[in-house]
Amino acid sequence: MGYKSIIKETDFLVREIKSLNPLERAEQVQLWEYYRVGLTYSSNAIEGNCLTETETKIVIEDGLAVSGKPLRDHLEAVGHAAAFSLLLAVTSSTKINEEAIKKLHHIFYHRIDGENAGVYRNVKVIISGSGHLLPSPEKVPGLMKRLVARLPEIEKNHPIIAAADLHTEFLNIHPFVDGNGRVSRLLMNMVLVKYGYPAAIIPPARRMEYISAMMSSNSGNFTEIRTLVAEMSRESCRDYLRMFAQ
């Protein structure tokens, strides 16, 4: 099934969600905690973090350390959860601009590397296992300015397409020394939430499919990543209805 058909299904589910009674405050908190843990776990796991979902929940909700797991994995969990909380707080009132992007990265990354948190890279970076050449550091500021300037045009598309495309174009710039994948998926969800869609979680089980979609995007083919994001958005809508449609 193509992404356009999946988007139609998702829009139907979103209309169902909007027809439900508004969530109580406690239910809203429960929903965002579900996404905060799920997205933190999945987004970190895609990048090699070895915390399980249960361990991620323990780290970010209880503030406890998991024996035998690397310190960095704990810091990534805490940082990502904090960045997601910021996303929820500012999505309705903040434009996606360079300042917002740098702030997201800083909140995620400053516990790991304070010097490079929220700062565009000044070194070359490579994606292991990929022959795709990323822009030189000298080009990053200009490319980011152009991407942000193009956002109004990107957001003329359906929100799911806009979310997938922003995520992908950002990732193809790779503006930071590390943490680009995590920030790209936060930006993706910033767009979805802004337009009334649940946050979309790309599970670690679909990591290879996700990598393949990103490799296709390097040559300008966004079909695979749009399809994957549409599928995950649809699944999030189904999750919402399973939890709250009585």
Of the residues that make up the range 73-92, is at least one hydroxyl-bearing (Ser, Thr, Tyr), crowded, with 16+ Cβ neighbours inside 10 Å and closer than 26 Å to Pro175 by Cβ? yes
Could you check, for the range 107-118, whether at least one of its residues is in a helix (DSSP H, G or I), closer than 26 Å to Asn172 by Cα and in contact (Cβ under 8 Å) with a residue 40 or more places away in the chain? yes
So, Asn189, is that one within 23 Å of Glu76 (Cα to Cα), without any contact (Cβ under 8 Å) to a residue 12 or more places away in the chain and either in contact with a helix residue (DSSP H, G or I) (Cβ under 8 Å, 6 or more places away or on another chain) or acidic (Asp, Glu) (or both) or not? no
Only residues that are of a type in the set (Asp, Glu), at pLDDT 95 or above and more than 20 Å from the chain's Cα centre (by Cα): list them for the range 12-51, please. Glu16
Is there a residue in the range 84-103 that is over 19 Å from the mean Cα position of the chain (by Cα) and at pLDDT 95 or above? no
Using beta carbons and a limit of 8 Å, which pairs, at least six apart or on different chains, have the first residue in the range 81-101 and charged (D, E, K, R) and the second one loosely packed, with under 15 Cβ neighbours inside 10 Å? Glu98/Lys145
Taking the stated definitions as given, is Ser212 in contact (Cβ under 8 Å) with a residue 12 or more places away in the chain and among the hydroxyl-bearing types (Ser, Thr, Tyr)? yes
So which residues in the range 120-139 are closer than 24 Å to Gly79 by Cα, more than 19 Å from the chain's Cα centre (by Cα) and not basic (Lys, Arg), if there are any at all? Asn122, Val123, Val125, Ile126, Ser128
Just checking, which of Leu87, Leu75, Leu104 is of a type in the set (A, V, I, L, M) and under 22 Å from Glu153 (Cα atoms)? Leu87
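Condition check ((1) surrounded by fewer than 19 Cβ atoms within 10 Å (Cβ to Cβ); (2) in contact with a Pro (Cβ under 9 Å, 6 or more places away or on another chain); (3) in a loop (DSSP other than H, G, I, E, B); (4) of a type outside the set (Gly, Ala, Ser)) across all residues:
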position	(1), (2), (3), (4)
Leu151	yes, no, no, yes
Asn157	yes, no, yes, yes
Ala162	no, no, no, no
Thr168	no, no, no, yes
Phe176	no, no, yes, yes
Gly181	no, no, no, no
Met188	no, no, no, yes
Arg207	yes, no, no, yes
Arg226	no, no, no, yes
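The values are calculated or read from the model by the stated rules, or taken from the named source; none is laboratory data. Everything quoted here is computed from the prediction, not taken from an experiment. No Cβ is skipped: glycine too gets one built from the backbone with ideal geometry, and neighbour counts run over all protein chains shown.
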